[in-house]
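*Asks:* Sharing a structure here in structure tokens format.
The values are calculated or read from the model by the stated rules, or taken from the named source; none is laboratory data. What you see is a predicted model, and the numbers here were worked out from it, not measured in a lab. Positions of Cβ are generated from backbone atoms using ideal geometry, with glycine treated the same way; all protein chains shown enter the neighbour counts.
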Amino acid sequence: MTKTIELRLISDPALLSAMRTAVANVCEWAGFDQRTTGRIVLALDEACTNIIKHAYKMQNDQRISIICRITPRNLVFILEDDGEPADVKKIKSRPLNEIRPGGLGVYLINSVMDKVRYKAGKVKGNRLYMHIRRPKGSAG
Amino acid sequence: MHIEGEVDMFSSPQARQVIMELIRKKTPKIIVELEGVPYMDSSGLAVLIEGLRQCGEYGGSLAVAGVRDNVREVFELTRLDRVFKIYQNVEAALAE
């Protein structure tokens with residue numbers, strides 16, 4: 001049976017820490033070990049940071065919704081914002097041999113998650129789907 | 001320099017300010033102690049990369065010390081463990 005938890009926050013970087021704590025609780029409940037939980041939390045942090053930076057251009061009072069779906073096999077996160085639609089074709093991680101600040105967030109998200117998909121709204125808003133397979137034998 | 005607490009989009013500008021001040025003074029060897037940092041995201045890495053590059057421009061160096069396991073993992077995931085000198089602690093960094 002699928003269980004859904006929705007987290008809502010505003011696009012204030014000061015709230016990222018609280019978001020991480022909530023996501024860590026969801027991951028632990030879904031049966032992930034501490035190490036994988038840390039990596040999933042990092043991916044969510046990077047995704048929210050990108051929303052604040054790119055979709056909301058640092059406005060700190062806009063909506064971010066994180067829907068966490070715990071299915072028997074996967075943990076799925078759906079992040080929604082009402083910001084500027086991204087050009088999905090341009091969302092890429094930078095090559096790691098280029099040593100420069102920035103561009104690592106997408107790489108980290110892709111390396112942690114099993115499946116990542118971006119969907120931009122026609123007029124406004126974005127949706128990011130991230131899937132990660134739950135450990136075998138997880139309860140709930 | 002010593003950093004304490006989680007380093008993310010919210011807190012990394014403070015760390016950047018301190019590093020940039022040391023760079024402005026052309027400090028020859030900057031050691032960033034991360035013992036008190038339980039979490040770091042790519043915003044923190046970006047500050048360190050920027051510091052490393054700018055140090056290199058005047059012939060200085062920037063290294064990190066006392067990196068906790070979960071922060072080390074972020075360095076490893078991004079292969080920055082091959083770019084930064086990572087010391088076990090500040091004493092080891094100073095000894096070199």
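*Asks:* Could you tell me whether the stretch A:109-116 includes any residue that is part of a loop (DSSP other than H, G, I, E, B), within 22 Å of A:Ser11 (Cα to Cα) and out of contact with any Gly (no Cβ under 6 Å at 6 or more places or on another chain)?
*Replies:* No - not one qualifying residue is present in the stretch A:109-116.
*Asks:* Of everything in the stretch A:20-29 that's of a type outside the set (Val, Ile, Thr) and buried (at least 19 other Cβ atoms within 10 Å of the Cβ), which residue is farthest from the chain's Cα centre (by Cα)?
*Replies:* Going through the qualifying residues, I end up with A:Cys27.
*Asks:* For B:Phe10, all conditions in the list (1) closer than 19 Å to A:Asp45 by Cβ; (2) in contact (Cβ under 8 Å) with a residue 24 or more places away in the chain; (3) among the aromatic types (Phe, Trp, Tyr) hold save one; what is the number of the exception?
*Replies:* Only one criterion in (1) closer than 19 Å to A:Asp45 by Cβ; (2) in contact (Cβ under 8 Å) with a residue 24 or more places away in the chain; (3) among the aromatic types (Phe, Trp, Tyr) is unmet by B:Phe10, namely (2).
*Asks:* Can we say A:Ala47 is touching a His at 6+ places or on another chain (Cβ under 7 Å) and either outside any loop (DSSP other than H, G, I, E, B) or at pLDDT below 95 (or both)?
*Replies:* No, not satisfied.
*Asks:* Among the numbered criteria (1) within 18 Å of A:Ala18 (Cα to Cα); (2) of a type outside the set (Ser, Thr, Tyr); (3) away from every other protein chain (no Cβ under 13 Å), which single criterion is violated by B:Gly5?
*Replies:* In the conditions (1) within 18 Å of A:Ala18 (Cα to Cα); (2) of a type outside the set (Ser, Thr, Tyr); (3) away from every other protein chain (no Cβ under 13 Å), B:Gly5 misses (3) alone.
*Asks:* To continue, here is another question. Test B:Leu77 against the stated conditions and say whether it is free of Cβ contacts under 8 Å to residues at least 12 places away in the same chain and among the aliphatic types (A, V, I, L, M).
*Replies:* Yes: the conditions hold for B:Leu77.
*Asks:* Name the residue that is farthest from A:Ala86 (Cα to Cα), counting only residues in the stretch A:50-67 that are among the β-branched types (Val, Ile, Thr) and outside any helix (DSSP H, G or I).
*Replies:* A:Ile67
*Asks:* Mind telling me which of the residues A:Glu6, A:Glu28 ends up being among the acidic types (Asp, Glu) and in a helix (DSSP H, G or I)?
*Replies:* Residue meeting the stated conditions: A:Glu28.
*Asks:* Of the residues A:Ile10, A:Ile78, only one is over 28 Å from B:Glu73 (Cα atoms) and modelled with pLDDT of 95 or more; which?
*Replies:* A:Ile10
*Asks:* Of B:Ala95, B:Ala15, B:Ala63, B:Ala46, which residue is of a type outside the set (Ser, Thr, Tyr), loosely packed, with under 15 Cβ neighbours inside 10 Å and free of Cβ contacts under 8 Å to residues at least 40 places away in the same chain?
*Replies:* None of the others qualify; the one that does is B:Ala95.
*Asks:* I'm checking my understanding of the structure. Among residues of the stretch A:104-140 that are among the small types (Gly, Ala, Ser) and under 18 Å from A:Ile70 (Cβ atoms), which one is surrounded by the most Cβ atoms within 10 Å (Cβ to Cβ)?
*Replies:* Selected residue: A:Ser138.
*Asks:* Within the stretch A:18-31, can one find any residue that is within 14 Å of chain B (Cβ to nearest Cβ) and aromatic (Phe, Trp, Tyr)?
*Replies:* The answer is no; no qualifying residue exists.
*Asks:* Hey, does the stretch A:81-90 have a residue that's more than 22 Å from A:Met19 (Cβ to Cβ), within 14 Å of chain B (Cβ to nearest Cβ) and exposed (fewer than 12 other Cβ atoms within 10 Å of the Cβ)?
*Replies:* Scanning the stretch A:81-90, I find no residue that is more than 22 Å from A:Met19 (Cβ to Cβ), within 14 Å of chain B (Cβ to nearest Cβ) and exposed (fewer than 12 other Cβ atoms within 10 Å of the Cβ), so the answer is no.
*Asks:* Consider the stretch A:48-68. How many of its residues are within 14 Å of another protein chain (Cβ to nearest Cβ) and surrounded by fewer than 16 Cβ atoms within 10 Å (Cβ to Cβ)?
*Replies:* Number of matching residues: 4.
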